[in-house]
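**Q** A single structure is presented below for examination.
Here, each number is a calculation from the coordinates, and none is a lab measurement. Owing to the predicted nature of the structure, the values given are computational and were not obtained by experimental measurement. No Cβ is skipped: glycine too gets one built from the backbone with ideal geometry, and neighbour counts run over all protein chains shown.
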Amino acid sequence: MKMGNADTQLKQRKKKKKSSSAKHKMKKREKKIPAAERKRRRRRARRRIVVLEWALIACVVFVLIGAGGYVVWNLPSLKLSRELNAGMEYTQEEAYDAAIEAYENALKIDSTSVEAYRCMAGAYINMQEDSQAKQILFDGWENTQDEGLLEYYCTVILNEAVAEINSDAVNAGTIEKIADVLERHALKEEAVELLGTACSRWMDAADITEFDFSSYEQIMNRLVSLSDIVGSESMREIISGFGWLGAEELKVPMGYVDSYLSILESANTWMEMPERSEMIACLHKVKEVQAEFESLFQEFDAGNYEAAKEFLVKDSYLQIRDAFINGTMQYWDGATYIPVSREYVIIKWKDGKCSFSFPNYDDNENTAGVITVWGNEMLDNGVQRSSITYEPAKDGENYYPHTEYIISYMCSNVQKETSFDYAMNYHFETRVLTEEGMTTTMIGDWGGPYQWQKTY
């Protein structure tokens, strides 16, 4: 018990001595560093901590600001604005290619940017590339349905039409452009006014002898369809005026007789004109004549000249022949030898009267064949002769050799036992013209079912 207590006491004394020694050493070390220095060191340490804290805060703020700035800088609205502003600056500098590129970039950001479409179109117009401008404006209108873009598009079109009118370069395309605007239901008043001017200028400048009936028909049909859209008295007057080609002479291809007739009749429903009514009647006569000779042309084209025998004694043909002989033929102009052809008809206007004629073999380089009516008085023993001539299609531009087929129903000397008497019979004659001269072959008493037969 005592030894144990003694050991414990010994340990406590050693521990106390050690602690006392450590304190002594610390006191000894503290004595070596002045107080002012220690304060300075403490302040420095505190400053370092503050600096580190601010640096950390600054870094955090910088990161936040940078990230926010990047987001803001790349906002679609701001990017769009930058491209539009760049395009406008390039436009002011007349750097149109660069401006267009900027506007294209703007549309990549926002494909519905009306301003980008408008400004890009303006750049193209400044470059005198109106077709590109129109396409951009039309695309813009389709993508945005913005009426302002549509009106801009139509304005560009009308400006083109105005330029063509002012330079006396009006054509069918000019009228088509204005019609496009009217079909868009835009700038109606301006378009109608230009339409009237363009139609008048086009008709005044047209070569009537080689008139473009295909375009004429197309335009007229379109004007009629536009009448419901426009619905004005001005439009009625335009249609009526366009439906009258007041030329002294007009060459109408046979393939367009029906369409021209339709144009005239349609225009007359809008505003009736006595002159137009006269031409309508004239064209109906043209159709009647063509119908009369159509089957005979087909037979001759096939080389069947026998078909002429029946044709020469038809009442309808004899009425045509007699009308020329008596001078009572209405509308069809001609005397003595009157050609009928299928390529075109010549419409003539004189003294308020309309008439027509067909080109003969010599006048028509591309003829498919000509039938000639003999409208002169030729009596054989008191009976009027009935004759026609047929000339086949030309071989290119070559006139020679040139063959004529003459077919007649006329009086002949018909043998009566040992004597002769006059009787009606068919004659067939061919004339072959060459550069050296003409060869004639006559077939008299050609016979046929309409031969006048007598009992002797």
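**Q** If you take the beta carbon distance between Met254 and Glu151 as r and set R0 to 45 Å, what does 1/(1 + (r/R0)^6) give as a FRET efficiency, to the nearest 0.05? Please report the intermediate quantities before stating the final value.
**A** Working: r = 45 Å, r/R0 = 1.00.
Efficiency, from the Cβ-Cβ distance: 0.50.
**Q** Next question. Can you tell me the order of 98-104, 222-228 when each peptide is scored by its average per-residue count of other Cβ atoms within 10 angstrom, highest first?
**A** Details: 98-104: 21.0, 222-228: 15.9.
Answer by packing, highest mean first, reads 98-104, 222-228.
**Q** Given H placed on each backbone N at 1.01 Å, which residues far from Met424 in sequence or on other chains put an amide H within less than 5 Å of it?
**A** The list, which skips near neighbours in sequence, is Ser412, Trp452.
**Q** So for region 263-343, averaging the separation of alpha carbon pairs under 8 Å that are six or more residues apart and normalising by length, what relative contact order in percent results? It would help to have the intermediate numbers written out before the result.
**A** Working: 28 pairs, mean separation 17.9, N = 81.
Reported as a whole number, the value is 22 percent.
**Q** For the pair Lys353 and Val114, how long in nm is the line joining their label points, each one 7 Å along Cα→Cβ?
**A** 6.5 nm
**Q** Could you give the length gained on full extension between Glu306 and Ile443, defined as 0.36 nm per residue of separation minus the Cα-Cα distance, in nm? Mind dumping the intermediate values first?
**A** Details: separation 137, 0.36 × 137 = 49.32 nm, distance 1.26 nm.
Fully extending the segment from Glu306 to Ile443 adds 48.1 nm.
**Q** If a/c stays under 1.5 just call it rounded; otherwise compare a/b with b/c (prolate if a/b is bigger, oblate if not). Do that for region 294-443, with a ≥ b ≥ c from the square roots of the Cα gyration tensor eigenvalues. Intermediate values should be presented prior to the final figure.
**A** Values: a/c = 2.13, a/b = 1.24, b/c = 1.72.
Because a/c hits 1.5 or more and a/b fails to exceed b/c, region 294-443 counts as oblate.
**Q** Let me ask another. Could you work out how far apart the two model spin labels at Asn143 and Ser77 are, taking each label as a point 7 Å from the Cα in the direction of the beta carbon, and quote it in nm?
**A** Using points 7 Å along Cα→Cβ, the separation is 2.1 nm.
**Q** If R₀ is 30 angstrom, what is the calculated FRET efficiency for the pair Glu217 and Thr197, using the beta carbon separation as r and rounding to 0.05?
**A** On the way: r = 21 Å, r/R0 = 0.71.
Calculated transfer efficiency: 0.90.
**Q** Given H placed on each backbone N at 1.01 Å, which residues far from Val370 in sequence or on other chains put an amide H within less than 5 Å of it?
**A** Glu391
**Q** Just list whichever of Lys251/Lys353; Lys285/Lys314; Lys134/Lys188; Lys177/Lys251; Lys287/Lys353; Lys251/Lys350 have alpha carbons separated by over 24 Å in the model shown. Mind showing how you got there, number by number?
**A** Numbers: Lys251/Lys353 17 Å; Lys285/Lys314 18 Å; Lys134/Lys188 18 Å; Lys177/Lys251 27 Å; Lys287/Lys353 18 Å; Lys251/Lys350 15 Å.
Where the Cα-Cα span goes over 24 Å, the pairs concerned are Lys177/Lys251.
**Q** Would you kindly give the portion of the calculated P(r) for region 240-301 that falls above 17 Å, as a percent of all Cα pairs? Provide the component values of the computation, followed by the final result.
**A** On the way: 824 of 1891 pairs.
That fraction is 44 percent.
**Q** Which residues in region 382-412 place their backbone N less than 19 Å from a point set 7 Å from the Cα of Asp322 along the Cα-to-Cβ direction?
**A** 382-388, 409-411
**Q** Any chance you could run the full-extension gain for Ile208 through Lys287? It's 0.36 nm times the residue separation minus the Cα-Cα distance, nm to one decimal.
**A** Details: separation 79, 0.36 × 79 = 28.44 nm, distance 2.09 nm.
Here the segment from Ile208 to Lys287 would lengthen by 26.3 nm.
**Q** For an R0 of 30 angstrom, estimate the FRET efficiency from the Cβ-Cβ distance between Glu299 and Glu436 and round to the nearest 0.05.
**A** Efficiency, from the Cβ-Cβ distance: 0.45.
**Q** At 0.36 nm per residue, and after removing the present C-alpha to C-alpha distance, how many nm does the segment from Asp315 to Ser227 gain when stretched out fully? Display every interim value, and only then the final one.
**A** On the way: separation 88, 0.36 × 88 = 31.68 nm, distance 4.62 nm.
Answer, rounded to one decimal: 27.1 nm.
**Q** Right, next: For region 169-218, what class follows from the C-alpha gyration tensor (a ≥ b ≥ c being the square roots of its eigenvalues): rounded when a/c is under 1.5, otherwise prolate if a/b is larger than b/c, else oblate? The partial results should precede the final answer.
**A** On the way: a/c = 3.31, a/b = 1.96, b/c = 1.69.
Prolate shape, in that a/c is at least 1.5 and a/b is the bigger ratio.
**Q** Ok, one more. Once phi is turned into ³J(HN,Hα) by the Karplus curve 6.51 cos²θ - 1.76 cosθ + 1.60 with θ = phi - 60°, what whole-Hz value does each residue of region 253-268 show in order, with x for glycine and proline?
**A** Ordered by residue, 3J(HN,Hα) equals x, 4, x, 10, 4, 5, 5, 5, 4, 5, 4, 4, 5, 5, 5, 5 Hz.
**Q** Using Cα-Cα distances under 8 Å and only pairs 6 or more residues apart, what relative contact order does region 294-443 have, in percent?
**A** Values: 272 pairs, mean separation 25.3, N = 150.
Answer for region 294-443 is 17 percent.
**Q** Modelled label-to-label distance, Glu189 and Asp97, 7 Å Cα→beta-carbon offset: nm?
**A** 4.4 nm
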